[in-house]
Amino acid sequence: MELDDLYQEIILDHSRKPRNYKPLSDGDVLVDEENPTCGDHIRLSVTVKDGVIEAVTFDGRGCAISTASSSLMTESVVGKTVGEARQLAGDCVAMLRGEKDPDPDRFGDLMALAGVKEFPLRVKCATLGWHALLNALNTLGV
Ligand code: ZN
């Protein structure tokens, strides 16, 4: 299997079966974000304990790229410290915008999103979940 095919499989899998996706009650929602250019909408709940991200769940509706990117985001930050998650979010947004090359060892499945930079109209779809995460951490004051 070619690497590109593998990456495409990961995107498809996460868009069809998003991880940590479940309807949130309004009280759990920390951030509510939209990408009007595409119509993507995400709501995020984040639980932090002792400086470590314990859980990230999301709901809303979005295109395949926004859903897959948000799903991959939740998987990649749970268990990390807030500092590590912020760093990863910054690096991932930079990768999506084509500003910085990712470290494949550190990025793992997130490498599947590396091709997004070739599609300028999709960049905001893919960064939506990451911005939502950073805003949620700001809202929590961590
Ligand atoms: Zn989109």
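The values are calculated or read from the model by the stated rules, or taken from the named source; none is laboratory data. Remember, predicted model here, so these are calculated numbers, not experimental data. Cβ placement follows ideal geometry from the backbone for every residue including glycine, while neighbour counts extend to all protein chains displayed. Side chains included, ligands, DNA and RNA excluded: accessible areas come from the protein's heavy atoms. Shrake-Rupley method; radii C 1.70, N 1.55, O 1.52, S 1.80 Å.
Note on the chain: dipole from Cβ charges, positive end direction compared against Leu88, Gly39, Cys63; the farthest Cα belongs to Gly39. Backbone amide hydrogens, once placed in the peptide plane, bring Val31 within less than 5 Å of Leu44, excluding anything fewer than 5 places away on its chain. Given the options Leu72, Asn135, Gly108, identify the residue whose Cα lies farthest towards the positive end of the charge dipole of the chain (+1 on Cβ of Lys, Arg; -1 on Cβ of Asp, Glu). Result: Asn135. Given +1 at the Cβ of Lys and Arg, -1 at the Cβ of Asp and Glu and no other charges, the dipole of region 72-123 around its Cα centre is 200 debye to the nearest 20. Surface composition of the chain: carbon and sulfur make up 48 percent of the accessible area, probe 1.4 Å. The phi torsions of region 63-69, fed into the Karplus equation with coefficients 6.51, -1.76 and 1.60 and a -60° offset, translate into couplings of 6, 4, 5, 5, 5, 5, 5 Hz, rounded to whole numbers, with Gly and Pro shown as x.
Let me spell out the model: positive unit charges on the Cβ of Lys and Arg, negative unit charges on the Cβ of Asp and Glu, origin at the Cα centre of region 34-142. What dipole size does that give, in debye rounded to 20? Mind dumping the intermediate values first?
Numbers: 11 positive and 14 negative charges, 58 e Å.
Computed charge dipole of region 34-142: roughly 280 debye.
Using the 1.4 Å probe convention, the accessible area of the chain works out to 53 Å² per residue with neighbouring protein chains retained.
Put a dot 7 Å past the Cα of Asp28, heading toward its Cβ, do the same for Gln8, and the two dots end up 3.5 nm apart. Provide the FRET efficiency to the nearest 0.05 for the Glu99-Leu121 pair, computing r from the beta carbons and using R0 = 22 Å. Result of the calculation: an efficiency of 0.80.
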